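The values are calculated or read from the model by the stated rules, or taken from the named source; none is laboratory data. Nothing here was measured: the structure is a model prediction, and the numbers come from that model. No Cβ is skipped: glycine too gets one built from the backbone with ideal geometry, and neighbour counts run over all protein chains shown. To get the accessible areas, we keep the full protein, side chains included, count just its heavy atoms, and leave off ligands, DNA and RNA. Shrake-Rupley method; radii C 1.70, N 1.55, O 1.52, S 1.80 Å.
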Amino acid sequence: MLTSAQLPPSAGTGHRSLRDRTSRAVRAEVGAVGMRLFLAQGFEKTTVDQIAAAAGLSRTSFFRYFATKEDVVLGSLEELGHRVLQALVARPPQEPVWQALRRAFDVVLLEVAAMGDEGLRQARMLDDTPSLKMSQLGKQLTWQSLLLPEVARRIGVTGETLDPRPRALVAAGLACLNAAVDSWNASKGVSDLPRLLDQAMSALTE
């Protein structure tokens, strides 16, 4: 396997871009290997050494791409949070902020739908693994920081303020998203996830 460390050194921007693309490709491959092992034998029973060996890497090389074993499962959450923010910013300026948040969360719903059965299996694994669940909630705190300024702007809160409304709105929106996914997981994927999210978010406006 050709890793970014094996590429010839170059000061050119094009070569740096090639190294970046190669690094992302290797990371994606290692992540896919790790997920197959997690789903086959369980998260807790799968070791970093097993993932590295199955991917054709050393243990040291594994940690070039993932800081922890949890990041194999949750490493894409940061990028997904930025996509949610982009979707929120793109919503019509006159749209009520709660509705704009709901529509921005469609990014997450589409991601889950694209994963098919694996998305449900991952949701079940998260629910069954306390360490993963805690890591997921921790990473979602970064989503709050990302979404907070745009939510504040939409409701007219500017500058440094003690106004709790933007933070409350973002936290409540994410709680609704998590509740919907939990219910979807409990239904074994039978329930419609978008409808569950609509129900969860509507409950706070009744």
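Sort M115, M35 from largest to smallest accessible area, using a 1.4 Å probe on the heavy atoms of the protein chains. Before the final figure, lay out each step's value.
Details: M115 65, M35 15 Å².
From most exposed to least exposed: M115, M35.
Which label marks the calculated value of Cα Rg over 2.2 N^0.38 Å, given the options [x] 0.96; [y] 1.17; [z] 1.12?
Matching the structure shown: [y].
Roughly what would the spin-label model give for L110 and A172, points 7 Å off Cα along C-beta, in nm?
In this crude label model, L110 to A172 measures out at 2.7 nm.
What helices does the chain hold that run 30 Å or longer along their axis, going by alpha-carbon atoms, with a Kyte-Doolittle average of -0.5 or more, using DSSP H for the helix calls?
Correct list, ordered by number: 13-41, 130-154, 165-186.
Given only helices, namely DSSP H runs of n ≥ 4 each adding -39500 (n - 2.57), what is the per-residue ellipticity at 222 nm of the chain, to the nearest 500 deg cm²/dmol? Before the final figure, lay out the partial values.
Numbers: 11 runs with 151 residues, N = 206.
Helices in the chain give a 222 nm mean residue ellipticity of -23500 deg cm²/dmol.
Using a 1.4 Å probe on the protein chains only, how many percent of the accessible area of the range 107-151 belongs to carbon and sulfur? Write down the numbers at each step before the final one.
Working: 1400 of 2340 Å².
Answer for the range 107-151: carbon and sulfur cover 60 percent of the accessible area.
Name the most mobile residue of K69, K133, K45, meaning the one with the largest mean-square fluctuation, in a Gaussian network model of the chain with Cα contacts below 10 Å.
Among K69, K133, K45, the largest mean-square fluctuation in the Gaussian network model of the chain belongs to K45.
Can you give the FRET efficiency to the nearest 0.05 for A53 and T22, using r as the Cβ-Cβ distance and R₀ = 25 Å?
0.75
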